[in-house]
Amino acid sequence: MEIKNLVDVIKKLRSPEGCPWDRKQTPESLIPQLLEEVYELIDAIYEKDSEKIKEELGDVLLHIVFQAVFLEEKNQFTIEDVIKEIVDKIIRRHPHVFANKKINSIEELNITWEKIKAKEKGKENRGILDGIPNSLPALMYAYKVTKKVQKVGFDWPDLANLFEKLNEEFLEFEEALISKNKKSIEEEFGDILFMLVNLARKLKINPEEALMKTNKKFIKRFKFIEENLKKENLEFNEVDLEYMDKLWEKAKLLEKSVKK
């Protein structure tokens, strides 16, 4: 089994005869690399590059097995225990698939899922928002929060109410700008972002994914400006904003023609 080969390779690297760098690593020291590998995998998935996805999946798997080996060294668990636990969890959380439990809607499915999760963790009596990882990026954290409270009915009844609240937040932000109170400006700006996350969730849009796509679109258009300036032997300090805007609009038109 290939996963056993991977475990053996990592154990060899961690052994006295192995690699000095790998031996000195800890579960905490590899966190930055693990996060980087996950984001590289996400990029590959968005690019729909199967060879790159395969490579990045391997890199993520390496870190997962590495973390398991750390704990096996402390006689806490093995990678086999990890796999068994996730298999058991998947089966347990899908009673409509593995236990012939009838589910009548996606809403009922979500409620059942949350109940099973709470029971597993012995947290039936904990708060609705307990259990959201504090280390999540703020945008993802806000999205999780809004989804959790929406499930218990704490939500705007329709988009009109939500837009009304969003407009209210913009007015409060303008007032904060006039006051020039940095703390108030930051707070009101945060409120606007939180409302936009609510709007995204209401429209069944993942705000993290939406922003990621916009980032990529911006980078592509800005690179178009850079490339065109280079072709004309121009530097940024030699052109004004109006000139760059014209190139930006040209990039947008080219995108639209490609989509057609």
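The values are calculated or read from the model by the stated rules, or taken from the named source; none is laboratory data. These figures come from a predicted structure and were not determined experimentally. Glycine gets a Cβ as well: all are built from the backbone with ideal geometry, and neighbour counts include every protein chain shown.
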Original post:
Can you find even one residue in the range 113-128 that is assigned to a helix (DSSP H, G or I) and at pLDDT 90 or above?
Top reply: no
Original post:
Which of the residues belonging to the range 1-60 are at pLDDT 95 or above and basic (K, R)?
Top reply: K11, K12, R14, R23, K24, K52, K54
Original post:
Take the residues of the range 40-89 that are over 24 Å from the mean Cα position of the chain (by Cα) and surrounded by 15 or more Cβ atoms within 10 Å (Cβ to Cβ): which is farthest from E209 (Cα to Cα)?
Top reply: E72
Subject >> Output for the range 84-112, where each listed residue is in a loop (DSSP other than H, G, I, E, B) and either closer than 22 Å to K147 by Cβ or of a type in the set (F, W, Y) (or both) >> reply: R93, H94, I103, N104, S105
**OP:** Could you please find all residues in the range 190-240 being among the β-branched types (V, I, T) and more than 21 Å from V258 (Cβ to Cβ)?
**Re:** I192, V197, I205, V239
**OP:** Kindly indicate whether any position in the range 72-83 is in a loop (DSSP other than H, G, I, E, B), within 14 Å of I3 (Cβ to Cβ) and not charged (D, E, K, R).
**Re:** yes
**OP:** Please tell me if L139 is in contact with a helix residue (DSSP H, G or I) (Cβ under 8 Å, 6 or more places away or on another chain), part of a helix (DSSP H, G or I) and either hydroxyl-bearing (S, T, Y) or within 30 Å of I192 (Cα to Cα) (or both).
**Re:** yes
